[in-house]
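Asks: Below: one structure in structure tokens.
The values are calculated or read from the model by the stated rules, or taken from the named source; none is laboratory data. All of these numbers come straight from a predicted model, not from anything done at the bench. Neighbour counts run over all protein chains shown; Cβ positions are idealised from the backbone, glycine included. Accessible surface areas use protein heavy atoms only, side chains included; no ligands, DNA or RNA. Shrake-Rupley method; radii C 1.70, N 1.55, O 1.52, S 1.80 Å.
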Amino acid sequence: MKLDRRAFVKLIAGGVGGTLLSPLPWKMADDTAIWSQNWFWRPSPERGSATLVNTACQLCPGGCGIRVRLIAKKNAVRIDGNPNHPVNQGGICPLGASGLQYLYGPSRIETPLKQTGQRGDVTTLKPISWDEALDILATKLRAMRQKARGLVCVSGKRQGTVPELFARFLHAYGSPNYVLMPAAADAESLGMFFSQGQSGLPGYDLENAKMIISFGSSYIEGWGAPARMQLAFGNWRSNTKGNRARIVQVETRGSLSSSKADDWLAVTPGTEAALALGLAQVIVSEGYYDRSFVNQYSYGFDEFKRLLQRNYTPEKVAAITGVTREKISALAREFSQTKPAVALSGWGQGRMQGSVYDFLAVQSLNGLVGSLNKPGGVTKKPSVPLAPWPEVVLDAISLEGEKEPRLDVGNEVQSSFPTSLFYNLVKNMNQGKPYSTQMLWVYEANPAHDLADVEPFIEALSNIETVVSFSSFMDETTQLADLVLPGPTYLERLEDVLTPPGLQYPVFGLSTPVLMPRFATIHPGDMLIRLAKSLGGGVASSFPWSDYESALKQRVEGLAQKASGRVADEPGVEPWKGGQGSKLAPNYESFDDLWDKLVEYGCWFDTSGNMPAWDSAFKTPSGKFEFYSQKMRQIGIRGNDITYLPHFEEVEPAGDPGDYPLLLMPYETLIITNGPVANPPFMTKMLFDFQLKGNDCFVDINTKTAANLGLKEGDRVTVQTERGSLEVRVHVSGNARPDVIFIPTGLGHSGFDPYIKGKGVNANAILVAQQDKTTGLASWWGTRVKIYKV
Amino acid sequence: MDSALIPEGVKRCSFKAFCLWLLVIFGVIGFGIVGGFFVLWKGLNVTGLNDYFGFGLYITADLAIIALGAGAFFTGFLTYVIGKKELKDIINLAVVVGFICYTGAQLVLLLEIGQPIRGWFSFWHPNVHSMLTEVIFCITCYTIVLVIEFLPLILENRQLDKVPEFHYFSHNLHEIMVVFAATGTFLSFFHQGSLGGLYGVMFARPFAFRTGFFIWPWTFFLFVASAIASGPALTILVTMMVQGITRKKLVRRDAISLLAKVTGFLLAFYLVFKILDTWWWATQTAPSKGMSFGEFFKAPYGMWLLFAEIVVCGIIPAIILLTPKARNDDVLLIVACVLDCAGIVINRFVFTVQNLALPVMPFDHWEIYVPTWTEWAPTVALIAYGALIISLAYRYLPVFPRERELNPID
Amino acid sequence: MSGNESGKIRYGMVIDLDKCTGCMTCAVACQQENNVPFREDETKKVRSITWLEVFYLDNGKPYPEHRKAYLPRPCLQCDADPHPPCTFVCPVNATQRDEETGLVAHIPVRCIGCRYCISACSYHARYFNWWDPKWPKAMEEMLTPDVSTRMRGVVEKCTFCVHRLQLAKDKAFVEGRQELEEGEYVPACVEACPAKAMYFGNLADSHSEVAKLAKSPEAFRLLEKLGTEPKVIYLSSQEWIHKLADNVV
């Protein structure tokens, strides 16, 4: 065959042309293109119509209203803020936005579990049926009824009907030991008791304040109600509305709260209260104080003034705090002349109890500038007008139980405190004094991880026969439990969510199940009712309801009866602008109407009458705000005059300065939650790589201190206190004060899922909690430490 | 054993020795295949690449070998279009080297993209604004051209040539080779340029960005110039290497010297513009983007890279190649060619890696790129692949037309 | 949007860094809204997909003059003429700016994973899927159907939640409206911000809040000198933050 050039070209051209003209290659290419875009093993989210369900967040006490987006009425795909809700107004915090990762998370507990082997061994926690689980519990409770006081319940939740049912159960059963996890609220409540004669917590009218001094409060990093604080901060910083407020942060660490303030006073660790008293001194001595308040509504001003003049002159306070005299004087003048102005207290996020005197010092400062019980100031957080339940039916044993000493009481005077003293409980459980603990219940708390100075608590567990966890997640405490009775998560259950910490108006949030419980869990409220009924007698009579819902509804009747307040059915409410004293007309007609609307909108609130009338504001012996606390004297606290006045008590951090030359201070951030749940993957992902790298977490160390110690960024070090040591890496930072090591809390989980387990270390393990002898309140802002390269 | 396949009248090593040599090569290639397989199977997470370094060793290697492969088109251009007949000695080798570089680059490119099965989307959904589209089109077309240029040589194999269809086909191709050489030159010119354009158009990357002429940033022209200034150097190097290994004279020295001289001129030409460009970049372009020249260099990607690229691997080889006495010295010639090639590799490296290491946002930070074995293995295998093709071609094809004449068998 | 004299739409965002508390809710909301995958270890930041990344800024001074701020960075949706830095480099038309809205979209199923766009973006706003995304089985139920999950080997980035624009348009269409009201289409990050530090709207509409804020003397954009024309504008009263917005020779 002879192929000339022409034929050659023809052959090629003809072949190519013919193929290209046919649809074959094009169709095939297109199909291949489409095929190559598939990737069949990636998940394909289910489609369906979307609905929004309003409910309340319960991941922290912040009380936000949330909206859950459901697909096909069953898959929850998003949580965002409820725009109608007065507290968060559509905003949300990172934890709230991560809520679905708990609902669907791998650390959910699906059934009741019973420890069949060694306590602490997760592999021998075996699933059992609910009947068996509740039977085991009921049998044990029946058996120990004669020693009812041996039942202790630890609740991480401080308010609401479910904690109340737990308290009620213990009361009816005959144990006085319903104990709350520690918090700044303990000191606040005690401080309110001492200075205002009534238990309760402060509510701050922050939205109306023009100047804010925060004494160590992480005001935008989790203090109070986090989302509300963010919203308030945004308003303070609002240029357009012409109401840019001035913020002063008093804090040792260069936190975001410090950086975002207009002024940051980097005080010597633990001296915030001294600065408050220093400001008070200038205000008093220069006569800038609010005379009408001091003259009409305060008691003991002269004694207070004398103390201030003697101990808290700018010179002395400058020496204590490290803030210059000039700065103290200037700030005092500014604070007293800006109206309204308010001072905040509660260290960090408010997880540390702290000293009652710190609270009193700040509260007195508020009093001096006339910010107590005034708009833009601080008042007693109003309570939600819920209807009471019938009285607890006491039988012979529970009557006896009422007289038993509380395990969280350390001395005579403490028994009249309106507050829990958790560290006394730990000590007494450990020593088995004045009596031993048979059974421990843990509800909405994870003390085995979250408790500062955690070791003594874990040791105490070994003296306790039965540990019962009500957790929905495999947390560290649950790992140590003998019996696990998992409740549904907050998105699967009905519950009330009451006014969050620090809020100035009452809010009743209703958490409703947005979808069917994913597992066979039982609502703790229903569990208690069922348990009570099976125990019979007074306990059963104290729980007359058929289920939790009817118990809750009974309390909500109170809202229906009140002729003020409304269901949050429209966006844009600004409750802090609510007319003082005027009534807010309800937008519901009957209880049923109210309930339906609560279920639909998720929230009731009231803005009227939140500042109590002056004649009923203080329940002290003098009927006034007491700078000099007669209440303390009344309940038998002994001491000199200073004891009854706000003052600064220098606390020497634990540890010998010779062995432990530096100071270790824990810090909290909004992006690492401090329990009872562990950080969700969404949030952990956002940690900077100088906070967490691989499984290593970082401590912040000052640039100069690091240089002195020969440490470089990223060096692996051991931080050691007298409690123990942890291995971390160092982040050299200008945020850190010289000679102070800052360690984040909330990491170092050994429970939960692979997304958080083993990441970082648990700072709580090496902190030393120091208890105040008189009040039993504990502080752990600083522990002496040494640090050396691994 | 394979003597029937070996061209007539030339001497080759024993089949056994050859097999042993191939075994070594296959070992390296096998290593590369394992690495490549890992990347395809596990995904690019097994590499040292990340969101900072979207481009890394693969792209550096690709760009470098494509630049070095320019020897093919440029020698072809000189031989067929300009008509430098003495280069016919070397043109076959130049084509083989070009073929290796381009096919090798495409193989590595397949690993480099995250979705290899969608690799052809740039033909199916092309974006005409993208320099990369231009590159992919030109490289593919040019690879086809190289195959066509390589084909007659393959068909000249002693046994294949016996098939009349092959013989005529080969003959016909030879006849129209000038068309392909011209096409190749055109395509090559554009994609070498586009590869430079690839970087020069990144206007949000102050290290890479260059002003330019019409739609083409200066890097477009610089990349063309640098490619033709280094491609022939590689051709010379390979020739010298083959001559060294076979201990034979395969190409007349004047052909090599001519190529070396041309390379020297081109390198000098390129350097003038490169230095001008660097000066303009340092004093005008960078400041216009808010950055100072000094900010572009930080350990390990320090100023030494610039010095190495322009002085050590630029000016020095240019001087050698432009000095007749020096370029006629084999050792100096090799040194110059090696430096020339290294300079181009550095150039492509800084544009690929240093460019991306640089923090553009002031609160950003430098990153350092460390390739993993899965990146090294295919890259090294690329060289082995070259050795394989050259070995096979040399053994079985009449790559060097003058071989018989220069090495008469007694 | 209504009230826009030119009829042009340029969706943009204003982030007030004075109001920003660094809580990172925006970043979490974004991950949730867009099915952004997560792995057990996300600490290797150069391989961690965060459509909205939060950068850490500080004034570089020692304690106690040290100040820090967090800077949330969605995709800046560059409005450079005629192309943003990232789109025109794509060889397969997988990423384009919709000139009707100014939104820069990326189609992962079209993407071949060449990462040219990643290299072209100086804001690190683009992310590569180094791994196949994987969720614990139960968590697949919380994936939203509005945004399809991606596969390994492709690039992804912030889209200003463009699916929300589609939903808003659909809703308007059903209600017989041609134009969207301000606030009808808002990305997830803006909606979630608890401090109300983020604003979203049509920059081309001089009556819109974002357009007004963008004219503030406190406004700045990142790396202005590059000529990328970002449609994300930051506000800050802090001089040191303004200094960190661009390189100064």
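Asks: Taking the alpha-carbon set of the protein assembly as shown, what are its Rg and Dmax in Å?
Replies: In Å, with Rg to one decimal and Dmax whole: 38.1, 129.
Asks: Hand me the GluC sites (Glu not before Pro) from segment C:51-121 located in a DSSP loop with no more than 13 other Cβ atoms within 10 Å, in residue order please.
Replies: C:E65, C:E99, C:E100
Asks: With 31 Å as the limit, write out which pairs from C:K171/C:K231; B:K42/C:K243; A:K757/A:K789; A:K712/C:K196 have Cα-Cα distances beyond it, or answer none. Write down the numbers at each step before the final one.
Replies: On the way: C:K171/C:K231 26 Å; B:K42/C:K243 43 Å; A:K757/A:K789 25 Å; A:K712/C:K196 38 Å.
Distance filter (> 31 Å) returns B:K42/C:K243; A:K712/C:K196.
Asks: What does the average come to when, for each residue of peptide C:67-73, you count the partner chain Cβ atoms lying within 10 Å of its Cβ?
Replies: Details: counts 8, 9, 4, 6, 2, 0, 1.
For this peptide, the per-residue mean of nearby foreign Cβ atoms is 4.
Asks: Would you mind counting up the charge near B:L107? Only other residues with Cβ under 14 Å from its Cβ, with Lys and Arg at +1 and Asp and Glu at -1.
Replies: Taking every other residue near B:L107 into account, the sum is -3.
Asks: What is the dipole size for the protein assembly as shown, taken about its Cα centre, with +1 at each Lys and Arg Cβ and -1 at each Asp and Glu Cβ, in debye to the nearest 20?
Replies: Here the size comes out at about 2660 debye.
Asks: Summarise the long-distance tail of P(r) for segment C:11-243 by giving the % of C-alpha pairs beyond 26 Å.
Replies: 39 percent
Asks: A further question on this structure: Which entries in A:K597/C:K137; A:K339/A:K597; C:K134/C:K157; C:K61/C:K225 show an alpha-carbon gap greater than 28 Å?
Replies: Working: A:K597/C:K137 35 Å; A:K339/A:K597 38 Å; C:K134/C:K157 18 Å; C:K61/C:K225 26 Å.
The answer is A:K597/C:K137; A:K339/A:K597.
Asks: Further question on the same structure: Could you tally the net charge around B:A268, taking each other residue with its Cβ under 14 Å from the Cβ of B:A268, Lys/Arg +1 and Asp/Glu -1?
Replies: Summing Lys/Arg as +1 and Asp/Glu as -1 gives +2.
Asks: Which one of B:L93, B:F137, B:I113 is farthest out on the positive end of the charge dipole of segment B:34-141, using unit charges on Cβ (Lys, Arg +1; Asp, Glu -1) and the Cα centre as origin?
Replies: Farthest along the dipole direction, towards plus: B:L93.
Asks: Going by Cα centres, segment A:173-245 and segment B:43-109 are how many Å apart?
Replies: 69 Å
Asks: Next question, about the same structure. Once you keep just the Cα pairs under 8 angstrom separated by 6 or more residues, what percentage relative contact order results for segment A:672-790?
Replies: Relative contact order comes out at 30 percent.
Asks: Counting pairs of alpha carbon atoms under 8 Å apart in space and at least six apart in sequence, what relative contact order in percent does segment B:15-400 give?
Replies: 30 percent
Asks: Heavy atoms only, 1.4 Å probe, whole protein assembly: order A:K157, A:K685, A:K577 by accessible area, highest first.
Replies: Accessible-area ranking of A:K157, A:K685, A:K577, largest first: A:K577, A:K157, A:K685.
Asks: Which of the GluC sites (Glu not before Pro) found in segment C:173-249 are in a DSSP loop and have at most 12 neighbouring Cβ atoms, other than their own, within 10 Å?
Replies: Listed in order of number, the matching sites are C:E175, C:E181.
Asks: Right, here's the next one. To the nearest 20 debye, what charge dipole does segment C:11-243 have about its Cα centre, counting +1 at the Cβ of each Lys and Arg and -1 at the Cβ of each Asp and Glu?
Replies: 900 debye
Asks: Follow-up. Take A:T324 and B:W373, extend 7 Å from each Cα along the Cα→Cβ direction, and tell me the distance between the two endpoints in nm.
Replies: In this crude spin-label approximation the distance works out to 6.2 nm.
Asks: How far is helix A:524-535 tilted off the main Cα axis of chain A, in degrees rounded to 10, range 0 to 90?
Replies: Approximately 70 degrees, to the nearest ten.
Asks: Among the aspartates and glutamates, which have Cα under 12 Å from the Cα of B:K274 when same-chain residues fewer than 8 positions away are ignored?
Replies: In chain and number order, the partners are B:E309.
Asks: Can you tell me the orientation of helix A:226-236 relative to chain A, as the angle in degrees between its alpha-carbon axis and the longest Cα principal axis, to the nearest 10?
Replies: 80 degrees
Asks: Round to a whole angstrom and tell me the spacing of the C-alpha centers of segment C:223-249 and segment A:518-587.
Replies: 51 Å
Asks: Report the charge-dipole magnitude of segment A:349-402 in Debye, nearest 20, computed about the Cα centre from +1 at each Lys and Arg Cβ and -1 at each Asp and Glu Cβ.
Replies: 580 debye
Asks: Once you have the Cα-Cα distance between B:I144 and B:F123, take 0.36 nm times their residue separation minus that, and quote the gain in nm to one decimal.
Replies: 6.1 nm
Asks: Can I ask one more? Using the Kyte-Doolittle scale, which helices in chain B average at least 1.6 and also have C-alpha atoms spread 27 Å or more along the helix axis, with helices defined as whole DSSP H runs? Provide the component values of the computation, followed by the final result.
Replies: Values: long enough: B:15-42 (39 Å, 1.96); B:88-112 (36 Å, 1.50); B:131-155 (35 Å, 2.18); B:177-200 (33 Å, 0.98); B:218-246 (42 Å, 1.58); B:253-280 (40 Å, 1.04); B:330-349 (28 Å, 1.88); B:373-396 (33 Å, 0.84).
Correct list, ordered by number: B:15-42, B:131-155, B:330-349.
Asks: Report the residues of segment A:370-408 in range of a label on A:K339: point 7 Å along Cα→C-beta, backbone N strictly under 12 Å from it.
Replies: A:370-371, A:375
Asks: May I ask you to derive the FRET efficiency for A:A387 and A:K27 from their Cβ-Cβ distance with R0 = 51 Å, giving the value to the nearest 0.05?
Replies: Efficiency, rounded to the nearest 0.05: 0.10.
Asks: What do you get for the angle between helix A:548-561 and the principal long axis of chain A? Use alpha-carbon atoms, 0 to 90 degrees, nearest ten.
Replies: Once rounded, the angle reads 60 degrees.
Asks: Would you tally the net charge around A:V539, using a Cβ to Cβ cut-off of less than 11 Å, leaving A:V539 out, and scoring K and R as +1, D and E as -1?
Replies: Net of charged neighbours comes to +3.
Asks: Still on this model: Sort B:S194, A:S590 from largest to smallest accessible area, using a 1.4 Å probe on the heavy atoms of the protein chains.
Replies: The ranking, largest first, comes out as A:S590, B:S194.
Asks: Sticking with this one: Quick one: the Cα spread of segment B:289-410 along its three principal axes, in angstroms, biggest first?
Replies: Taking the Cα atoms of segment B:289-410, the three principal extents are 73, 39, 21 Å.
Asks: Going Cα to Cα from A:K210, which aspartates and glutamates come in below 13 Å? Please leave out same-chain ones fewer than 8 positions away.
Replies: A:D262, A:E334
Asks: Taking the dipole about the Cα centre of chain B, with the C-beta of Lys and Arg at +1 and of Asp and Glu at -1, give me whichever of B:T352, B:V201, B:G54 is farthest to the positive side.
Replies: Value computed over the given set: B:T352.
Asks: Same structure, new question: Below 20 Å, Cα to Cα, which lysines can A:K114 reach? Residues fewer than 8 away in the same chain don't count.
Replies: List returned: A:K126, A:K140.
Asks: Provide a whole-number value for the mean count of partner chain Cβ atoms within 10 Å of the Cβ atoms in peptide B:354-365.
Replies: 5
Asks: Let me ask something additional. Going from most exposed to least, what order do A:T489, B:T372 have by accessible area with a 1.4 Å probe?
Replies: Most to least solvent-accessible, the answer reads B:T372, A:T489.
Asks: While we're here: Please report the spacing between the Cα centers of segment A:402-423 and segment A:95-116 in Å, no decimals.
Replies: So the two Cα centres are separated by 34 Å.
Asks: Which of A:A617, A:A445, C:P194 sits farthest toward the positive end of the charge dipole of the protein assembly as shown, with +1 on the Cβ of Lys and Arg and -1 on the Cβ of Asp and Glu?
Replies: Toward the positive end, the furthest listed residue is C:P194.
Asks: Averaged across B:42-50, how many Cβ atoms of other chains sit within 10 Å of each residue's Cβ atom?
Replies: Going residue by residue through B:42-50 and averaging, the value is 5.
Asks: While we're on this one: With every protein chain in place, what's the accessible area of C:R221 (1.4 Å probe, Å², nearest 10)?
Replies: Counting only protein heavy atoms, C:R221 exposes about 50 Å² to solvent.
Asks: Looking only at the protein assembly as shown, where both bridge partners belong to it, what percent of the DSSP beta bridges are antiparallel (to the nearest 5)?
Replies: Antiparallel: roughly 60 percent of the beta bridges in the protein assembly as shown.
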